[in-house]
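Single-structure report; data block below.
The values are calculated or read from the model by the stated rules, or taken from the named source; none is laboratory data. Just so it is clear, the structure is predicted and the values come from calculations on it, not from any experiment. Here the Cβ is made from the backbone with ideal geometry for all residues, glycine too, and neighbour counts use every protein chain on show.
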Amino acid sequence: MMHRVGLGVMLVMGTVANAAEPARSEPDTSAPANAVPAPASAAMAPAAAAPAPRLSKPLDLRIGDVRKYMLPDEFREAVSAPDADSNTVVVEARRELLPVDYEKPIPTWPLGPLWWGLKNPSQSWRILLPDINRPDEGPRDPEDKVPPPVFRWGP
């Protein structure tokens with residue numbers, strides 16, 4: 001109900017504002033003095049038919065003569081360079097990693113994971129997974145170490 005009232009008020013305000021604006025009537029200086037005036041409907045033609053006045057000149061992106069900006073020996077060096085025809089750009093950067101919630105350590109003392117799971121119920125599934133922040137302790141016995149599988153192309 002309130003939306004309909006608001007919509008009605010907005011329509012009335014828009015109509016009043018449109019009616020309050022004076023009609024634009026510019027004298028046409030291009031018509032001869034003895035010409036017959038145009039009908040009233042032509043005076044109310046949409047403004048889109050008339051070209052909009054240009055406020056500034058268009059943007060010119062041409063560089064012109066490069067020799068104005070470079071010394072002759074720099075120009076010759078740039079043209080004769082072996083990679084002058086290359087269009088490849090290589091950007092190397094190191095992306096800084098932001099801290100993530102699942103990388104925060106889980107307590108390891110005997111009842112610590114249970115207490116942590118009660119405090120963080122949405123992350124309690126992490127108790128069942130290995131901790132990615134725990135340093136690798138390696139095998140406890142030399143016999144526990146499993147050798148890597150041997151890769152072969154054929155049977």
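When both residues are 6+ apart or on different chains and their Cβ atoms are under 9 Å apart, which pairs have a first residue that lies in the range 49-64 and is among the hydrophobic types (A, V, I, L, M, F, W, C), and a second that is in a loop (DSSP other than H, G, I, E, B) and at pLDDT 85 or above? The qualifying pairs do not exist here.
Residues checked against (1) surrounded by 10 or more Cβ atoms within 10 Å (Cβ to Cβ); (2) touching a helix residue (DSSP H, G or I) at 6+ places or on another chain (Cβ under 7 Å); (3) farther than 30 Å from Leu128 by Cβ; (4) at pLDDT below 75:
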position	(1), (2), (3), (4)
Gly14	yes, no, yes, no
Asn34	no, no, yes, yes
Ile63	no, no, yes, no
Asp73	no, no, yes, no
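Quick check, is Glu92 farther than 30 Å from Gln123 by Cα, modelled with pLDDT of 70 or more and either of a type in the set (Asp, Glu) or not in a loop (DSSP other than H, G, I, E, B) (or both)? In short, yes.
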